[in-house]
Amino acid sequence: MKILHCADIHLDSKMENRLSPDQARERRNELLEGFHRMISYAGRNNIEAVLISGDLFDRRHIRKVVKEEVKQELTSHGDIDFYYLRGNHDITDFLDDLEEVPANLHLFSADRWTSYQCPDNIVITGREMDAKSQTDLISEMVLDPSKVNIVMLHGQDRQYQSHDNAYTIDIPKLRGRYIDYLALGHIHSYRWEELDDRGVLCYPGCPEGRGFDECGKKGFVVLDIDSTGVKSHEFVSLARRQCHQIKVEVEADDDLDRVVSKVRAVLEKASLNDLIRVDLTGRKNMDLEIDCDWIRMQTDRGFYVYDVKDDTSVRVNYENFAHDWSLKGTFVRTVQGLDIDEERKAEIIELGIRAIMEGSLTE
């Protein structure tokens, strides 16, 4: 049985961060186009089931055209079974607006575990999470060890900090519970790893990056699974654009032209279709003024979105201040008089001068 596992599509996301109104509108449409491409891929590649592990939609009020297009994809691919487990963003009225639920759309509940029998002795089991179910959810799950068990959940791995009001999943408690494939959603980066001696877990990530917190290759996972368990898997990317956060290290002897050259070099092979942010790091000379707008103007080749951010710190030659009648000079002379080793003095002086110069302290 061939299965496509996706999550966190976030259709009709506002997409307003660092995008113009026209770009935000275009990106919302590109998310919908990406959903079409993914389902078309499923149709062309003999996919029998699509698992949507939460956050198909992004917010309560979504455009009517989005709901109609999703419904059309479901009904026009009647030979594919869709298993849709709602996530913390799926609070829209999409299901309420359906006159009837398509026969190939299978849903889950927050009140109980729901299971669907599939070919090849495969059972798909899932449960939506809410404040009531979170604490005892796992203890209530009962799986047949003689079956090939796929379990669907949407939530944050408990070992990481939760955000967006997401519910957490205690993954260690799912070990040893006869799971062959744990189909997760909520984390927007691809993650595939062993769950226990029997099964594997997967966060497929989001199909399309929406901002610089969703950088890298995005897509979905295609599984080949049969009565013996997961035989193979493949990560597939059909993303229209990628988001890149690129670090460029500034050194103490760099001038502004040298910084511009470094930025140009790292952008040589970057796609103009993508969203790119260059983060300047390292320790610059105290006399170098980083002008991010100027660097951006000199290095932008017409990228879809492009930004430059200054995350450098100042490298200070503190001996220049040793005889100043200023806060900096007084600080240098005070530390030099301490009974500590010279290396430690240098560290303290540089940190103090940087704090004064970068605004943590004032003269």
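Computed from the coordinates by the stated procedures, all read-outs in this text should not be read as laboratory data. Fair warning: this is a prediction, and the values are worked out from it, not measured in the lab. Here the Cβ is made from the backbone with ideal geometry for all residues, glycine too, and neighbour counts use every protein chain on show.
Which lysines, on any chain, are close to Lys64 with Cα under 20 Å apart, when same-chain ones fewer than 8 places away are left out? Within reach: Lys14. For the range 254-318, the relative contact order works out to 44 percent when only alpha carbon pairs closer than 8 Å and six or more residues apart are counted. For the range 208-363, a/c is not less than 1.5, where a ≥ b ≥ c are the root eigenvalues of the C-alpha gyration tensor, and a/b tops b/c. That puts it in the prolate class. Which shape class, rounded, prolate or oblate, goes with the range 32-189 when its Cα gyration tensor gives a ≥ b ≥ c as root eigenvalues, a/c under 1.5 marks rounded, and past that a/b bigger than b/c marks prolate? Cα axes put the range 32-189 in the oblate bin. Below 8 Å, C-alpha to C-alpha, sequence gap of six or more: please give me the relative contact order for the chain in percent. Reported as a whole number, the value is 13 percent. Pick out which of Glu208, Glu99, Glu193 has the largest mean-square fluctuation in a Gaussian network model of the chain, springs linking Cα atoms closer than 10 Å. Maximum fluctuation in the GNM of the chain, among the listed residues, is at Glu99. Per the Cα gyration tensor, the range 141-288 maps to an equivalent ellipsoid with semi-axes of 42, 17, 12 Å, ordered largest to smallest. Treating each Cα of the chain as one equal point scatterer and applying the Debye formula with no solvent, the log10 of I(q)/I(0) at q = 0.14 Å⁻¹ comes out as -1.09.
Overall, the range 1-105 carries a charge dipole of about 360 debye about its Cα centre when +1 sits on the Cβ of Lys and Arg and -1 on the Cβ of Asp and Glu, all other atoms neutral.
Estimated purely from DSSP H runs of n ≥ 4, each contributing -39500 (n - 2.57), the mean residue ellipticity at 222 nm for the chain is -7500 deg cm²/dmol once divided by its residues.
Remark: C-alpha extents of the range 165-234 on the principal axes read 38, 27, 14 Å, sorted largest to smallest. Counted over the range 85-140 with a bin width of 5 Å, the fraction of Cα pairs per bin, in whole percents, is 4, 16, 21, 24, 18, 12, 5, 0.
Among rounded, prolate and oblate, which fits the range 25-117 when a ≥ b ≥ c are the square roots of the eigenvalues of its C-alpha gyration tensor, a/c under 1.5 means rounded, and a/b larger than b/c means prolate? It is oblate, given that a/c is not under 1.5 and a/b is not larger than b/c.
Result for the chain in a Gaussian network model with C-alpha springs under 10 Å: among Thr114, Thr334, Thr168, the largest mean-square fluctuation is at Thr334.
Springs between Cα atoms under 10 Å define the GNM used for the chain, and in it the highest mean-square fluctuation of Val332, Val263, Val305 occurs at Val332. Here Lys309 is the anchor, and the aspartates and glutamates within straight C-alpha reach of less than 14 Å, apart from those fewer than 8 places off in the same chain, are Glu249, Asp279, Glu289, Asp291, Asp293, Asp300.
Of all lysines in the structure, those lying under 29 Å Cα to Cα from Lys147, and not within fewer than 8 positions of it along the same chain, are Lys2, Lys132, Lys173, Lys231.
When both bridge partners sit in the range 158-232, DSSP labels roughly 70% of those beta bridges antiparallel. Given Lys217/Lys262; Lys262/Lys284; Lys67/Lys217; Lys217/Lys269; Lys247/Lys269, which pairs have Cα atoms separated by over 19 Å? Going by Cα-Cα distance, Lys217/Lys262; Lys67/Lys217 fall outside the 19 Å limit.
Simple rule: put +1 on each Lys or Arg Cβ and -1 on each Asp or Glu Cβ in the chain, find the dipole, and look at Gly302, Asn149, Ser20; the Cα lying farthest toward the positive end is Asn149.
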